[in-house]
Amino acid sequence: MTRLTGLITHNWPLKLAAVALATLLYAGLALSQNARVWPGRVPIEAVNQPTGAFLLESLGDVTTIRYYAPADVAARISSSDFQALVDLSSVTPVQGGAPVSVPVDVIALDPRIKVLDFSPDRVAVRLDPVITRTVPITVERGTVPPGLEIGDPVLGAQTAAVRGASSLVELVETVSARVAIDPNGINVDGEVDLVALDARGDLVAPVDIEPDRVHVTIIVGRESASRSIPVAPELTGAPAAGWSVRSVTVEPPVVTVRGPLDAVAAMPSIATEPISLAGRRADLTTTVDLVTPAGIEVVDSGTVRVTVVIAADRGSRSFGVGLRPTGAVEGRSYALSVPDVLVTLGGTSAALDAVDPAQLSATVPVGALEAGSHAVKVTFKAPDGTSLVAISPDTVTVVVTATIGPTPTPSPTATPAP
């Protein structure tokens, strides 16, 4: 019995390892025999893409996944149970560089599913640096229907910024606004999408364009054309003296006119009937007719409302003003360095015209001055309706001298009687 026990326990660790290995091999065999193949497609997604890099090509799909799952789970597996990823953190963006092979990782989102292998397990990746270029905007008008005349296109912007993979952006020669001319002769006037084109006129994509739309205006005409033009009020006469026009507004400011193509294209604006401002001192609001040249008609209303704001003029004027000391103390004399100053007043023309120069006076306060020479500021009060702009000079020299009083008269002496 002892010998039998010894045979069993002899080299027991090796025997135990052999049993474990056999168990594993059997489990692997059983697992492989129960493995299933899902033939659907799982899109490959990129993660950790470097900043400022652009993925040139699509990564494709994982098309075959071998997995193990319980029968009830396997019966309802779909592409949403898997996620296929490639990590781009180690890929360096290179303009026009060769593709880099990157491993694919497939993850089962249900923990009861064990992914055994899949195909493809690697994909080729090309990362390109992102750049921005400014290119001109052009217009493609296509084929012009017979019998129509079209004017030169007017664009809301002349250039656009193209941003994307450097290998694509470098191909872009222009961004184009593609418009179609209506056979009925309707003007082109609206926002148009922009597309990037290479030197041969082929589309370059994907790239970002800023702005991605541009306003295009093209005058189209057969026997007539229409166009929106501004209204120009015709003002005659001048406001009263000392008054002037501050602003003019028109409602509506723009009207649509129709007529021969050349005539309409040559019209920078359309005038109103004359509006007289002669002698006015107040605002004016009036409704007037538009003056239409021969052959031209106004599509909108033929009248506009004009408001003219009139305000008094403001200016400045200078006056010579005499100086006088104030607060003089008895027993002192005061000598000023100049007899008068130049005073500049500001205000409306009417207020300045009302100023009487004879009533103007500038003063120099001398009451607190001791004997000697002093620099003293000139003071001045502007008349009502005006403001003081400047005094020149604004400081004068005052020389103060103590004066000698009158000699006292001696008292009479009494004469003795004889």
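Before moving on, here are some points about what is shown:
- Summed over the stretch 55-92, the residues that are assigned to a loop (DSSP other than H, G, I, E, B) and either loosely packed, with under 10 Cβ neighbours inside 10 Å or not aliphatic (A, V, I, L, M) (or both) give a count of 11.
- Checklist (1) part of a strand (DSSP E or B); (2) surrounded by 12 or more Cβ atoms within 10 Å (Cβ to Cβ); (3) free of Cβ contacts under 8 Å to residues at least 40 places away in the same chain applied to residue 101, failing item: (2)
- Residues in the stretch 253-268 that are in contact with a strand residue (DSSP E or B) (Cβ under 8 Å, 6 or more places away or on another chain) and either of a type in the set (Lys, Arg) or surrounded by 12 or more Cβ atoms within 10 Å (Cβ to Cβ) (or both): 11 in all.
- Looking across the stretch 171-191, the residues that are surrounded by 15 or more Cβ atoms within 10 Å (Cβ to Cβ) and either among the small types (Gly, Ala, Ser) or not in a strand (DSSP E or B) (or both) come down to 171, 172, 173, 176, 177, 179, 181, 185, 187.
- Annotation note: of 37, 47, the sole residue that is touching an Asp or Glu at 6+ places or on another chain (Cβ under 9 Å), closer than 21 Å to residue 117 by Cα and at pLDDT 90 or above is 47.
- Filtered by the rule that a residue be among the β-branched types (Val, Ile, Thr), more than 18 Å from residue 43 (Cβ to Cβ) and touching a Gly at 6+ places or on another chain (Cβ under 9 Å), the stretch 104-136 gives 130, 131, 132.
- The set of residues in the stretch 268-283 that are under 11 Å from residue 231 (Cα atoms), in contact (Cβ under 8 Å) with a residue 40 or more places away in the chain and not in a strand (DSSP E or B) contains only 269.
- Taking the criterion of being touching an Asp or Glu at 6+ places or on another chain (Cβ under 9 Å) and of a type outside the set (Ser, Thr, Tyr), the residues of the stretch 55-81 that qualify are 55, 56, 59, 62, 65, 66, 69, 73, 77, 81.
- The C-beta contact set for the stretch 313-330 (first residue on the phi > 0 side of the Ramachandran plot, second residue surrounded by 14 or more Cβ atoms within 10 Å (Cβ to Cβ) and of a type outside the set (D, E, K, R), distance under 8 angstrom, 6+ apart or interchain) comprises 327/365; 327/366.
- Residue in the stretch 133-141 that is assigned to a loop (DSSP other than H, G, I, E, B) and in the same structural domain as residue 191 (by TED's automatic domain parsing) present: yes
- Counting only residues that are part of a loop (DSSP other than H, G, I, E, B) and crowded, with 17+ Cβ neighbours inside 10 Å, the stretch 38-53 holds 1 of them.
- Candidates 139, 115, 135, 154 - the one that is within 30 Å of residue 64 (Cβ to Cβ) and of a type outside the set (S, T, N, Q): 115
- Residue in the stretch 235-243 that is surrounded by 15 or more Cβ atoms within 10 Å (Cβ to Cβ) and within 28 Å of residue 296 (Cα to Cα) present: yes
- Cβ pairs under 6 Å, 6+ apart, first in the stretch 87-98 and at pLDDT below 80, second polar (S, T, N, Q): 95/166; 95/167; 96/167
- Residue match in the stretch 170-179 (condition: of a type outside the set (Ser, Thr, Tyr), outside the structural domain of residue 262 (by TED's automatic domain parsing) and at pLDDT below 85): no
- Test for residue 208: is it closer than 30 Å to residue 162 by Cβ and touching a residue at least 40 places away in the same chain (Cβ under 8 Å): yes
- Looking across the stretch 192-225 at every residue that is among the small types (Gly, Ala, Ser) and surrounded by fewer than 19 Cβ atoms within 10 Å (Cβ to Cβ), the one that is farthest from the chain's Cα centre (by Cα) is identified as 224.
- Just one of the numbered conditions (1) modelled with pLDDT under 90; (2) within 30 Å of residue 384 (Cβ to Cβ); (3) over 60 Å from the mean Cα position of the chain (by Cα) is not true of residue 325: (1).
- Selection of the stretch 105-129 for residues being in contact (Cβ under 8 Å) with a residue 40 or more places away in the chain and either in contact with a helix residue (DSSP H, G or I) (Cβ under 7 Å, 6 or more places away or on another chain) or in a loop (DSSP other than H, G, I, E, B) (or both) yields 108, 110, 112, 113, 120, 126, 128, 129.
- Considering (1) under 24 Å from residue 158 (Cα atoms); (2) in contact (Cβ under 8 Å) with a residue 12 or more places away in the chain, the lone condition that residue 234 does not fulfil carries the number (1).
- Tally, over the stretch 208-237, of residues that are in contact with a Gly (Cβ under 8 Å, 6 or more places away or on another chain) and part of a loop (DSSP other than H, G, I, E, B): 4
- Residue within the stretch 255-266 that is among the hydrophobic types (A, V, I, L, M, F, W, C) and closer than 30 Å to residue 352 by Cβ present: no
The values are calculated or read from the model by the stated rules, or taken from the named source; none is laboratory data. This is a predicted model, so every value here is computed, not measured. When we count neighbours, we look across all protein chains shown, and the Cβ atoms used for this are built from the backbone with ideal geometry, even at glycine.
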